Amino acid sequence: MFRISSKDLLINEEIRDKEVRLVGTDGEQLGVVSIAAAQQMADEKSLDLVKIAPQAVPPVCKIMDYGKYKFEQAKREKEAKKNQKVIEIKEVRLSLNIDTNDFNTKVNRAIKFLEDGDKVKAALRFRGREMAHPELGTTIMQRFTDAVSEYGSVEKQPKMEGRSMVMFISAKPATNTKGGNKNA
């Protein structure tokens, strides 16, 4: 039998120590016993002997149903994974001569991304002679920041990266404004 991960605990015959501190099924301390006696106690109860604290002196072993333990652990990990939110970076591309309606569409997309809890990367690409006027790009980025300021805050200020000006906006923490003041 081989172990896939080093996180796995040693069980039954894999434990090579001469004596161990034994913990019973209900968490009661059974004292320091030889490995043979500990294995015999586990076999009598038709359970496994699991080494739970290998760094202790002597190592601590517990009598438990290892299959049930692994199942419960996998269930807890799956539940924890289900509850966490992965933050993605969504990109909104602007241009130096963007029209008002196009600008509003880009702002609305960015607001939707921020409401979903994602970060927004606003990128403004300079073409040809536009490179001579980075201050115009800064004003468009400032307009964009003001338009989405209610939903997000600037994480990284606008900065030139090659022919593009890039800015990152992160979502503000969700606040419940619908409920009103509960103390009133």
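Note on region 18-131: with charges restricted to the Cβ of Lys and Arg (+1) and Asp and Glu (-1), its dipole about the Cα centre is near 700 debye.
Using just its DSSP H runs of length 4 or more, each adding -39500 (n - 2.57), the chain gives a mean residue ellipticity at 222 nm of -10500 deg cm²/dmol after division by all residues. Remark: C-alpha extents of region 1-96 on the principal axes read 79, 27, 22 Å, sorted largest to smallest.
Normalising the Debye intensity of region 25-75 to I(0), with uniform scatterers on Cα atoms only, and taking log10 at q = 0.14, 0.23, 0.29 Å⁻¹ returns -0.36, -0.92, -1.24.
Simple rule: put +1 on each Lys or Arg Cβ and -1 on each Asp or Glu Cβ in the chain, find the dipole, and look at Ile169, Leu22, Thr139; the Cα lying farthest toward the positive end is Thr139. Here's the picture: charge each Lys and Arg Cβ at +1 and each Asp and Glu Cβ at -1 in the chain, and of Ile98, Ala80, Pro59 the one pushed furthest to the positive end of that dipole is Ile98.
About the centre of its Cα atoms, region 1-66 shows a dipole size close to 280 debye [charges on the beta carbon of Lys, Arg (+1) and Asp, Glu (-1) only; nearest 20 debye].
The simple Förster model, with R0 at 41 Å and r as the Cβ-Cβ distance, assigns Thr139 and Glu28 a FRET efficiency of 0.05.
Can you give the Rg/Rh ratio of region 67-138, where Rg is from the C-alpha atoms and Rh is the Kirkwood radius?
Numbers: Rg = 21.1 Å, Rh = 15.6 Å.
Answer for region 67-138: 1.35.
Given springs between every Cα pair under 10 Å in a Gaussian network model of the chain, which of Lys75, Lys18, Lys106 has the largest fluctuation? Sorting by GNM fluctuation, first place goes to Lys18. Which net charge results when you count Lys and Arg as +1 and Asp and Glu as -1 among the other residues whose beta-carbon is under 14 Å from that of Leu22? So the environment of Leu22 carries a net charge of -2. DSSP beta bridges fully contained in region 47-174 are about 70 percent antiparallel. Here Lys75 is the anchor, and the lysines within straight C-alpha reach of less than 28 Å, apart from those fewer than 8 places off in the same chain, are Lys7, Lys45, Lys51, Lys62, Lys85. With the convex hull of its Cα atoms as the shape, the chain has an orientation-averaged projected area of 20.2 nm². Other residues within the sphere of radius under 12 Å centred on the Cβ of Ala53, judged by their own Cβ, net out at +2 (K and R +1, D and E -1).
No lab work stands behind these numbers, since they all come straight from the coordinates. Quick caveat: nothing in here was measured; it's all calculated off a predicted structure. Every residue, glycine among them, receives a Cβ derived from its backbone with ideal geometry; neighbour counts consider all protein chains shown.
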